[in-house]
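Have a look at the structure below, then the notes.
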Amino acid sequence: MSDLPKQIFDVKSNDAVVHSVLVWFQASKRRGTHSTLTRGEVSGGGKKPWKQKGTGRARAGNRSPLWRKGGVIFGPKPRDYNYSLPKKIRQLGLKVALSDHARAGNVVVAEDLNLAEAKTKSAALLLKQLNLSGKILVVLGIDNEIFAKAARNIKGVKIIKSQDLNIFDLLNANKILLEKSAILALKEALV
């Protein structure tokens, strides 16, 4: 905790900001491709079910939403759920989540995560030496393709580059393993 920059890892807890950033993140991930057919889009229709006058019944078309095989009233149509959230709020949400993990003692900093070759066994051994278990978020600073390939097959381990760090992965992880270069990249992005 002492070697972590205070501007990022020692921010006052703020659940409202974290919640708003999480809702924004999940809303922006939605595809919004849901669609239903209105009375004008369902197949069929065109023929009056009975004559307009003289039957004592209401005038009707046979694809009315009230009828079987009719359209849907006010059903969902494709739309974009994305909305803009101020950049400073998004940054504050990440800082608060990182600070909460740091206060709980769930942040581990590694000098560098270099492996001789991309072997899952050696990556698992490295994580075991660092006393990490459960859901682990590994934040890589520079392009460390060898470690990323070695650790991507380990259950509960998610590898992410520092520029791709997001609130969902932070809140979902039990432990966070930060590469030293990732801290520098986070300092540039969030301060």
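Just so it is clear, none of the values below were taken in a lab; they were calculated from the coordinates. Predicted, not measured: the structure shown is a model, and the values here were computed from it. In this analysis, Cβ positions are derived from the backbone assuming ideal geometry, glycine residues included, and neighbour counts consider all displayed protein chains.
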How high is the FRET efficiency between residue 111 and residue 77 when r is their beta carbon distance and R₀ equals 45 Å, given to the nearest 0.05?
-> 0.30
Could you pull out every one of the lysines with an alpha carbon less than 18 Å from that of residue 48, ignoring same-chain neighbours closer than 8 positions?
-> 69
Per its Cα gyration tensor (rounded if a/c is under 1.5, else prolate when a/b beats b/c, else oblate), the range 31-80 is best filed as prolate
Between residue 37 and residue 122, with labels modelled 7 Å along Cα→Cβ, what's the label distance in nm to one decimal, could you check?
-> 5.9 nm
So, in Å, what gap is there between the alpha-carbon centers of the range 63-131 and the range 1-55?
-> 17 Å
Counting Lys +1, Arg +1, Asp -1, Glu -1, what net charge surrounds residue 89 among other residues with beta carbon under 15 Å of its beta carbon?
-> +4
Mean Cβ neighbour count within 10 Å, used as a protection proxy, ranking 91-100, 169-178 highest first = 91-100, 169-178
If you count, for each residue, the other Cβ atoms within 10 Å and average over each peptide, how do 107-115, 51-59 line up from highest to lowest?
-> 107-115, 51-59
With only helices counted (DSSP H, runs n ≥ 4, each -39500 (n - 2.57)), the per-residue ellipticity at 222 nm for the chain, to the nearest 500, works out to -11000 deg cm²/dmol
Overall form of the range 1-102 per C-alpha gyration tensor (a/c, 1.5; a/b vs b/c) = prolate
Greater than 26 Å apart at Cα, pairs in 119/161; 87/149; 77/155; 87/128 | 87/149; 77/155; 87/128
Quick one: if the Förster radius is 35 Å, what FRET efficiency do residue 130 and residue 29 give, using the C-beta to C-beta distance and rounding to 0.05?
-> 0.70
Where Rh denotes the Kirkwood radius from the mean inverse Cα pair distance, what is Rg over Rh for the chain?
-> 1.31
For the peptides 21-33, 156-168, what is the packing order when you average, over each peptide's residues, the other Cβ atoms within 10 Å and list the highest mean first?
-> 156-168, 21-33
